[in-house]
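The values are calculated or read from the model by the stated rules, or taken from the named source; none is laboratory data. Worth saying up front: this structure is predicted, and the values here are computed from it rather than measured. With ideal geometry, Cβ positions are generated from the backbone for all residues, glycine too; neighbour counts draw on all protein chains shown. The accessibility values were calculated without ligands, DNA or RNA, using every heavy atom of the protein model including side chains. Shrake-Rupley method; radii C 1.70, N 1.55, O 1.52, S 1.80 Å.
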Amino acid sequence: MQEVARNRPFPHRHLLGIEGLSPEDINHVLDLADGYVELNRQAEKKRSLLRGRTIINCFFENSTRTRTSFEVAGKRLGGDVINMSVAASSMHKGETLIDTAMTLNAMHPDVLIVRHPESGAVQLLSEKLDCAVINAGDGSHEHPTQALLDALTIRRRKGRLGGLTVAICGDVLHSRVARSNIALLNTMGARVRVVAPLTLLPAEIERLGVEVFHDMAAGLADVDIVMMLRLQSERMHGAFIPSTREYFHFFGLDYDKLRVAKPDALIMHPGPMNRGVEIGSEVADDIDRSLIRQQVEMGVAVRMACLEILTRDLGNGPPFP
Amino acid sequence: MNLVLFRQARLLDPQSGRDAVGDLLVEGERIAAVGGDLFTIAREAEIVSAEGLCLTPGLVDMRVQLREPGAEHMESIETVGQAAAAGGVTTMVALPNTDPPVDDVSVVEFLARRAREVKLAKVHTYAAATKGLLGRDLTEMGLLAANGALGFTDGVQAVSDALVMRRVLAYARTFDLLVIQHPEEQSLAGAGEVSEGETATRLGLPGITPAAEVIMIERDLRLVEITGARYHVAHVSTAAGIEAIRRAKAQGLPVTCDTAPPYFALNETAIGDYRTFTKLSPPLRSESDRRAVVEGLRDGTIDVIASDHAPWGQDSKRLPFSSAAYGIVGVETLLPLSFELYHNGHLSLLELIQRLTWNPARILGLPVGRLAPGAPADLLLFDPDVSWRISTDDFRSKSKNAPFDGRPVQGRVRRSIVDGRTIFQSEG
């Protein structure tokens, strides 16, 4: 199956978002990633697919998990991975961003992985670069590899994405994970709900193809998947909720609220979790229902698949002549 | 005295309502006569054959950011003067948000002197309503007005404190001065960058509710009721804001307003993939708001179209959307974009010219904007129909930040005249 999948063209130079990907594109990534899950469980994990390739992790925003996940993915494929952390304080001048792009470009990377606190910044960078760019999260816009790893996690447990009902709960307003997941799940034929207080929902969110709930009991009724979002206090200018105590009372996930979901409903969280804020510890650590650790595992596999797809047709000439 | 006779132009005079083919005689710096055939009384005049062209008052652009003093690398009185000349603008009124701001008589005098030296379009200025544009202490409004300031505004930001605004209006009323407000309730707009709604949500950009406009307008209208001051709302862009002004006018309050071309020529979908050239304050709105702006212009609720000229260098716009500056250049595209309202059948040519000339002149108390004997010979000769494409590379403005590059438009300036002097001329 994988050999067949490998021949399929991926008609995108960069991975900037889920919006614009077809169901075939998404399945293609997930199929490849499936193979990498098996590889990653072996003692010998190394491949030489990216030997000689340079991958730069360029993070304008602090991240340990995602950066490490990309680093592991790149190294397992035999690429040279360089980590660049640009301190949050020094990047607010955008001229620096274009200058950074030109500087990096001159080093001839093959793939640039970028996280940036401003929506649209990764796309702006990609326009100035000759290499493939993967968006590792831009502002409140998109985080495509997170949505792909969530999809892989779900597909491996449920066998499908189409027809499932997924509730995305919490801070949708600030969440790039929510936007990417809404786009992906809709593309794959799942039914998507969002559950949040009105202060944490962006205007006209229903236009993105979701059902809107403000009550966990109604929003979680008969769902297959509950995706909790991190309450992003670092993006909150001003008070969006009165207290974390009240937030947990009404919107935090515990067994009581989960009761109305399907009996085999599964729980996800993109991490890092605020225990006792958006999710209770018993639920988060429930090995039967919580997929949180699997998500991290799938993350490496999905990122390996993305790196493979975006570098596959490069040959040995200059990239994108 | 030097005589010039414009022969057989379509004369459009919004003051008198004249829209007929005829002659116009300029004597020195002033209009000497307007009539059907003036050849017999002006045989010795230099003849300008204007057959097939329209002759109107020069445009009065009541909202221009000069950038001089303080940011001459983005624009100067010289470059904006050339841009204005090419755009048919013969009078510009500057916002006080320069460095230093126009909150002192010396800056008003500096601008007047620079305009005399440059000698292109006429330059007037507003002065700050509050010292340093900080929204707290009143400027010397009486002295500033006596030295030429045409109105009082904190420029690209609102006077947000209600008590301060009340005092600005009351003090302005004392001297019968005009107060101009940027209509946005800042405490509600917060860190918003684009209009709230589907576009903002998809792009993950913080939204500003359109209600932030009408809330500020409604508040100010109550203060106008108390004080009786002349109040002008700058760049209205929402249906609710326009409706509030429509009601206030019906009620007889001394209220006027303007809008700018992006608010009737574009809607929020122009933001596309984070095009920073579409980042404006107020932000581009929904299609229904855009249509309300057109309707407001049509029924006269919106008195004026101003360019809202805001020059920015590449360093301020080639940035992630959130970091980019607000605003676009506009004096060179004010006329061709406004012509769309005529070509699309929303306004007659005379109505359109009125909103670009006589209405702003009347609000500002300037003697221009009309084709009347004795008035300054500030004139515009244009071809209303010729098709061309806007090219930002051709802008005379030092900054090229505009979202209209490549846009096909109809109608073009042939000649701009200030006090009888031709400051711009083009044959084709």
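Of note:
- Test: residue in the range B:189-211 that is of a type outside the set (Lys, Arg), more than 25 Å from the chain's Cα centre (by Cα) and more than 14 Å from chain A (Cβ to nearest Cβ): no
- Taking the numbered list (1) closer than 30 Å to A:Pro202 by Cα; (2) surrounded by fewer than 17 Cβ atoms within 10 Å (Cβ to Cβ); (3) away from chain A (no Cβ under 14 Å) in turn, B:Val156 passes all entries but (2).
- The residue of the range A:184-202 that is nearest to the other protein chains (Cβ to nearest Cβ), among those that are out of contact with any Ser or Thr (no Cβ under 6 Å at 6 or more places or on another chain) and part of a loop (DSSP other than H, G, I, E, B), is A:Leu201.
- Across the range A:142-183, the number of residues qualifying as of a type outside the set (S, T, N, Q), more than 21 Å from A:Leu310 (Cα to Cα) and not in a helix (DSSP H, G or I) comes to 15.
- Applying the set (1) within 14 Å of chain B (Cβ to nearest Cβ); (2) open to solvent by less than 10 Å² (accessible area, probe 1.4 Å); (3) at pLDDT below 95 to A:Leu129 leaves exactly one unmet item: (1).
- Checked across the range A:116-124, the condition of being within 13 Å of chain B (Cβ to nearest Cβ), in a strand (DSSP E or B) and modelled with pLDDT of 90 or more holds for at least one residue.
This table checks each residue for (1) closer than 30 Å to A:Ser119 by Cα; (2) not β-branched (Val, Ile, Thr).
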position	(1), (2)
B:Asp104	no, yes
B:Ala115	no, yes
B:Ser160	yes, yes
B:Phe175	no, yes
B:Ser187	yes, yes
B:Glu193	yes, yes
B:Thr199	yes, no
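- Highlighted here are the strands (runs of 3 or more DSSP E) found entirely within the range B:1-98 that include at least 1 residues which are among the hydroxyl-bearing types (Ser, Thr, Tyr): B:46-49, B:54-57, B:89-94.
- Hey, B:Ala212 open to solvent by less than 10 Å² (accessible area, probe 1.4 Å) and of a type outside the set (S, T, N, Q) or not: yes
- Matching residues, the range B:307-345, being among the small types (Gly, Ala, Ser), open to solvent by less than 10 Å² (accessible area, probe 1.4 Å), in a loop (DSSP other than H, G, I, E, B) and touching a helix residue (DSSP H, G or I) at 6+ places or on another chain (Cβ under 7 Å): B:Ser307, B:Ala324
- Some residue of the range A:160-171 being buried (at least 24 other Cβ atoms within 10 Å of the Cβ) and within 11 Å of another protein chain (Cβ to nearest Cβ): no
- Some residue of the range A:134-152 being more than 9 Å from chain B (Cβ to nearest Cβ), open to solvent by 10 Å² or more (accessible area, probe 1.4 Å) and more than 11 Å from the chain's Cα centre (by Cα): no
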